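K.L.:
Please see the structure below; I have some questions.
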Amino acid sequence: MKLGFLVDLNLCMGCKGCEIACKVENEVPLSSWRLRVKYIDIGTFPDTSRSFTPLRCNHCENAPCERICPVSALHYLDNGIVNIDSSRCIGCAGCMMACPYGAIYMDPESNTADKCTYCAHRIESGMMPACVVACPVEANIFGDVEDEKSHISRYIMEHRGAVQVRKPEKHTDPKHYYVGGGNNTLNPLAHERIEGYGLFNNITHLDTLGDPHHSILDRFLDPIFGGHNDHLKDESFLDMPNDVASHEDESHDKGGH
Amino acid sequence: MDHVTTIEATKAVVTLDVALPGIIWGWMITLNMWAKSIGTGVILVGAFLLYRHKKEEMPNLRWMMPLISFIALNVFLLFTLVDLHQPLRMVNIFLHPHFTSAITVGAWMASLFTGLVTLMLVIGVLDAFPELGRHLGIAKKVREKSSLYEKIFPFVVFLALPVTMYTAVIMAQSSARELWAAPAELVQMIFAALMVGSASFILISDKWSVEARKDLTLILALSVALSFTMYMGEYFFSYKAAEIEATIAFIHSGGSYNTQFWAAMVLGYIIPFFIAMGSLKEENRTMLKFAAVTTFIGLYLAKSTWLEIPQMIPLS
């Protein structure tokens, strides 16, 4: 069995439903993303077009992140998923340097590397990944690429010649395919990130990697004495005040986006 | 907005995306590589000097070489550790090693290397200073095993080479960064070690023979010249791969690393080369020491530039 993903970009309408479903399902912290949908505009007004590209871990068969991980925190599952064991990760960021797709992030809460696991925990229970379930147009197609009768295999066969992977020259053998993609959507060097052109903000780069309040000393002391962001553990979210006023107070105190 | 009209009709622009990570491996990794170059460089250059000259020509080499190496290696190890987001889990590299990773292999080799250098340091210092710990039993025992220094030294020299070069393999395993090609980086790591290895000894070689100092000067001149040539090759002729071209643009005219890159080239390579060449004809110790210092600074800047520019391009 070799699980893979296919995104039909002709169907994707950029609703970001998959992005949000992933965030919720995997409790992905603020500033971090396992799956994101990138908008790219081309042309000059009024002759413009916009394309949407969902981007996630490619679960490469020859994964550079797995190879470079010094402690096997990144490892293959039998079904082909490149999984991550956060409890083993030492936070060297080698995987972030190795992944040609920029799909790995440093979790600001756990200060360990993390990424899309194709919702391995859901697969184990016989469910589809959260992003697949959330997609209103079934642009995300998931299944066993080694089973010729699976939906994804049949889809690949139907669109033979139009199925692409990102950066094939890296020889990573990704198990994440695109239909309807072009150079502009799949090649990050084919488009520009120009300040002032973002729809909602002008932030192009994160200021820090991982937790911005996690000092060098904290890196040593937190595992022993407990971290300053312990209040962000899952259970504590349930105890948090959930009214508008408390959030307003918070934003006044700490500044907002 | 003025810039709206300047976008070509065929130019694609990202209009909505998440923030990209900035520099992932920053100054701590630069310092790590720089210090490792010193730690292994003094061993490599020291071995060459001991092969070419009598010990008496370099009276303090036997203990200064492991001392400089020990200090540099500890700086390297410290910043390797501190750069980890979970430093206490460093132990996992030894408990759960994954040997396809150059990080793992490097950590094992560097730990062994540091251990052996420490042993050489203890023997070298106790032999050089007979009064030190004279009443301590352990010092006496170490002095009795003094010949161990010469026995382990060949292994240390042999180990210095892979310890110098393994970072190049880590860079090569960083598939996302095309600029870091293994063949070039392996050679650059060796040159870097020879540069700062010779520069370190230039600073402490006042009482050495003229011939030994001349060898140091020659090593410095050759290593900076060859390393500079490689950088220039990258600077002018790296236009075959789109990703490398986009990366090198950061050091070209108008690029955000242009000034830092040329400061590195001038301080670390051009100045030391001309001073060293001049000093080969007519020795000028003060100028040579100045060249040694600029070599240290230039190499740090060069390492920093080369480490950071591939991290500036978007990967997806």
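The values are calculated or read from the model by the stated rules, or taken from the named source; none is laboratory data. For clarity, every value in this text was computed on a predicted model and none was experimentally measured. Neighbour counts run over all protein chains shown; Cβ positions are idealised from the backbone, glycine included.
K.L.:
Tell me yes or no: at least one residue of segment B:97-120 is assigned to a helix (DSSP H, G or I) and modelled with pLDDT under 95.
P.N.:
No, segment B:97-120 contains no residue that is assigned to a helix (DSSP H, G or I) and modelled with pLDDT under 95.
K.L.:
Moving on to the next point. In this structure, is A:PHE45 surrounded by fewer than 21 Cβ atoms within 10 Å (Cβ to Cβ), within 18 Å of A:ASN183 (Cα to Cα) and among the hydrophobic types (A, V, I, L, M, F, W, C)? Don't jump to the end; show me each part of the working.
P.N.:
On the way: surrounded by fewer than 21 Cβ atoms within 10 Å (Cβ to Cβ): yes; within 18 Å of A:ASN183 (Cα to Cα): no; among the hydrophobic types (A, V, I, L, M, F, W, C): yes.
No: the conditions fail for A:PHE45.
K.L.:
All but one of (1) at negative phi; (2) not in a helix (DSSP H, G or I) hold for B:TRP306; which doesn't?
P.N.:
(2) is the only condition that B:TRP306 fails.
K.L.:
Of the conditions (1) more than 9 Å from chain A (Cβ to nearest Cβ); (2) at pLDDT 95 or above; (3) over 17 Å from the mean Cα position of the chain (by Cα), B:ASP2 clears all except one; give me its number.
P.N.:
(2)
K.L.:
Is it fair to say A:VAL71 is in a loop (DSSP other than H, G, I, E, B) and surrounded by 20 or more Cβ atoms within 10 Å (Cβ to Cβ)? Before the answer, list the steps.
P.N.:
Values: in a loop (DSSP other than H, G, I, E, B): yes; surrounded by 20 or more Cβ atoms within 10 Å (Cβ to Cβ): yes.
Criteria met by A:VAL71.
K.L.:
Next question, about the same structure. Can you pull out every residue in segment A:173-214 that is at pLDDT 90 or above, within 7 Å of chain B (Cβ to nearest Cβ) and within 18 Å of the chain's Cα centre (by Cα)?
P.N.:
A:PRO188
K.L.:
Additional query: May I ask you to verify whether B:LEU226 is hydrophobic (A, V, I, L, M, F, W, C), within 18 Å of B:MET65 (Cβ to Cβ) and at pLDDT 95 or above? Before the answer, list the steps.
P.N.:
Working: hydrophobic (A, V, I, L, M, F, W, C): yes; within 18 Å of B:MET65 (Cβ to Cβ): no; at pLDDT 95 or above: yes.
No; evaluated as a whole, the condition is false for this residue.
K.L.:
Could you check segment B:109-132 and list, in sequence order, the residues that are within 14 Å of chain A (Cβ to nearest Cβ) and out of contact with any Pro (no Cβ under 7 Å at 6 or more places or on another chain)? Outline the logic, then answer.
P.N.:
Within segment B:109-132, the first condition is being within 14 Å of chain A (Cβ to nearest Cβ), and the residues that meet it are B:109-111.
Hits for segment B:109-132 are B:ALA110, B:SER111.
K.L.:
Give all pairs with beta carbons closer than 9 Å in which a residue from segment B:254-267 that is loosely packed, with under 15 Cβ neighbours inside 10 Å meets a residue that is among the aromatic types (Phe, Trp, Tyr); count only pairs at least 6 apart in sequence or on separate chains.
P.N.:
B:SER256/B:PHE250
K.L.:
Quick check on this structure: which one of B:GLU178, B:GLU131, B:GLU185 is surrounded by 14 or more Cβ atoms within 10 Å (Cβ to Cβ), farther than 30 Å from B:THR217 by Cα and acidic (Asp, Glu)?
P.N.:
Numbers: B:GLU131 fails: surrounded by 14 or more Cβ atoms within 10 Å (Cβ to Cβ); B:GLU185 fails: farther than 30 Å from B:THR217 by Cα.
Residue meeting the stated conditions: B:GLU178.
K.L.:
Report, by residue number, each residue of segment A:92-104 that is crowded, with 24+ Cβ neighbours inside 10 Å and either in contact with a Ser or Thr (Cβ under 6 Å, 6 or more places away or on another chain) or not assigned by TED's automatic domain parsing to the domain that holds A:CYS22 (or both).
P.N.:
Of everything in segment A:92-104, those that are crowded, with 24+ Cβ neighbours inside 10 Å and either in contact with a Ser or Thr (Cβ under 6 Å, 6 or more places away or on another chain) or not assigned by TED's automatic domain parsing to the domain that holds A:CYS22 (or both) turn out to be A:MET97, A:ALA98, A:PRO100, A:TYR101.
K.L.:
Taking the conditions exactly as written (more than 9 Å from every other protein chain (Cβ to nearest Cβ), hydroxyl-bearing (Ser, Thr, Tyr) and either without any contact (Cβ under 8 Å) to a residue 40 or more places away in the chain or surrounded by fewer than 19 Cβ atoms within 10 Å (Cβ to Cβ) (or both)), does A:TYR76 satisfy them or not?
P.N.:
When the stated conditions are applied, A:TYR76 passes them.
K.L.:
Let me ask something else. Looking at this structure, is A:GLY143 more than 14 Å from chain B (Cβ to nearest Cβ), in contact (Cβ under 8 Å) with a residue 60 or more places away in the chain, under 15 Å from A:GLY4 (Cβ atoms) and crowded, with 16+ Cβ neighbours inside 10 Å? Steps first, please.
P.N.:
Details: more than 14 Å from chain B (Cβ to nearest Cβ): yes; in contact (Cβ under 8 Å) with a residue 60 or more places away in the chain: yes; under 15 Å from A:GLY4 (Cβ atoms): yes; crowded, with 16+ Cβ neighbours inside 10 Å: yes.
Answer is yes for this residue.
K.L.:
Give me the pairs: first residue in segment B:274-298 and at pLDDT 95 or above, second residue β-branched (Val, Ile, Thr) and not in a helix (DSSP H, G or I), beta-carbon distance under 9 Å, and six or more apart or on different chains, which are they?
P.N.:
Filtered contacts from segment B:274-298: no entries.
K.L.:
Yes or no: segment B:82-94 includes at least one residue that is acidic (Asp, Glu) and more than 7 Å from chain A (Cβ to nearest Cβ). Talk me through it step by step, then tell me what you get.
P.N.:
First, pick out the residues of segment B:82-94 that are acidic (Asp, Glu): B:83.
Still in the list and also more than 7 Å from chain A (Cβ to nearest Cβ): B:83.
Looking for residues that are acidic (Asp, Glu) and more than 7 Å from chain A (Cβ to nearest Cβ), one finds at least one in segment B:82-94, hence yes.
K.L.:
Answer with yes or no whether B:GLU211 is touching a Lys or Arg at 6+ places or on another chain (Cβ under 9 Å), charged (D, E, K, R) and at pLDDT 95 or above. Outline the logic, then answer.
P.N.:
Details: touching a Lys or Arg at 6+ places or on another chain (Cβ under 9 Å): yes; charged (D, E, K, R): yes; at pLDDT 95 or above: yes.
Taking the combined requirement at face value, the residue satisfies it.
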